[in-house]
Every structure is written in C-alpha cells, then in structure tokens.
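The values are calculated or read from the model by the stated rules, or taken from the named source; none is laboratory data. Because the structure is predicted, anything quoted here is derived from the model rather than measured. Every residue, glycine as well, gets a Cβ built from its backbone with ideal geometry; the counts of neighbours run over all protein chains shown.
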C-alpha cells in the first residue's frame with residue numbers, strides 16, 4: 001500500500017455541463033430583491049451551468065429612437081444591481097452573459113428567451129418595493145403559468 005501526498009491543493013471540479021441548461025437571473029428594469037441575486041449565482045455555481053443576467057425593459061420600439069440609439073437609458077441603481085451578481089459569478093468561475101430585452105411586452109419576450117435558451121431555472125428577482133404591486137403580481141403569474149422550467153420568485 002502506498003500513500004500519495006499532494007503538496008498543492010487540487011482545484012474543485014465543476015460537474016459536467018451535459019444538459020447545458022443555464023440559470024436565468026431576471027429583473028424588470030428595477031434592482032434585484034435581497035437574496036435573489038445570491039440565489040441565482042449559487043444555483044448556477046452548484047449546478048455547474050452558465051448564468052444569464054437579464055434586464056427585461058418595457059419600451060416602445062419607435063423607428064426614430066431605434067435609429068438614433070435612444071431606446072433605453074440605463075438607471076445607475078439598476079446597472080449596479082445587474083453588475084454585482086455578474087461580477088460575483090465570474091469571480092467564482094461561472095460563465096456569465098448579460099442581456100437587455102427591450103420590448104413593448106417584456107414578460108412575453110422573456111418567456112421566448114427562456115424557451116430559446118432552454119433554461120433550467122428562472123430566478124425572477126425584481127425587488128417588489130420598486131414596482132407597482134399589480135405589475136409584479138401579473139408578471140409573476142404569467143411566468144409561473146407559462147415558463148417551461150423551474151421558477152423561483154423573489155416575493
């Protein structure tokens with residue numbers, strides 16, 4: 001019997017990404033709720049899947065604003081809220097992608113993205129304190145009814 005001693009620690013190996021079903025961390029143009037970003041990053045890290053940070057924005061796609069590039073002006077608090085989980089996940093070795101969905105119907109566009117990416121988990125994490133209660137409830141209900149994956153809600 002022989003004993004092998006390692007002088008340098010071995011880096012932990014992530015589970016294989018055979019299914020390739022990313023975790024989507026989503027907000028509706030408001031900062032993330034406390035705990036939502038951490039849950040999304042933890043889920044992606046533990047599952048060994050990429051993290052897609054999505055900001056779904058309601059905007060009228062007018063020809064003039066689209067041509068001139070004025071269709072969306074990011075708010076600093078929302079940008080900071082989107083950047084923090086992306087940087088944390090990237091520092092932990094998780095592949096990260098940030099997307100902005102601009103649509104007159106952001107929830108429908110989000111559900112199309114979920115189906116297109118074949119997401120394994122949708123973390124719906126807008127902070128309800130920054131949204132009208134009815135808007136949050138309607139979006140959450142639509143996502144629960146129509147999302148083809150697991151859903152985590154921030155309320």
Can residue 21 be described as at pLDDT below 95, farther than 19 Å from residue 153 by Cα, out of contact with any helix residue (DSSP H, G or I) (no Cβ under 7 Å at 6 or more places or on another chain) and surrounded by 14 or more Cβ atoms within 10 Å (Cβ to Cβ)?
-> no
Residue in the stretch 56-71 that is nearest to residue 27 (Cα to Cα), counting only those that are touching a helix residue (DSSP H, G or I) at 6+ places or on another chain (Cβ under 9 Å) and modelled with pLDDT of 70 or more | 56
Subset of the stretch 101-141 (residues that are closer than 28 Å to residue 48 by Cα and surrounded by fewer than 16 Cβ atoms within 10 Å (Cβ to Cβ)) = 108, 112, 115, 116, 118
Set 53, 41: member being assigned to a strand (DSSP E or B) and modelled with pLDDT of 90 or more = 53
Within the stretch 29-41, the residues that are in contact with a helix residue (DSSP H, G or I) (Cβ under 7 Å, 6 or more places away or on another chain) and either buried (at least 24 other Cβ atoms within 10 Å of the Cβ) or more than 12 Å from residue 82 (Cα to Cα) (or both) are 32, 37, 40, 41
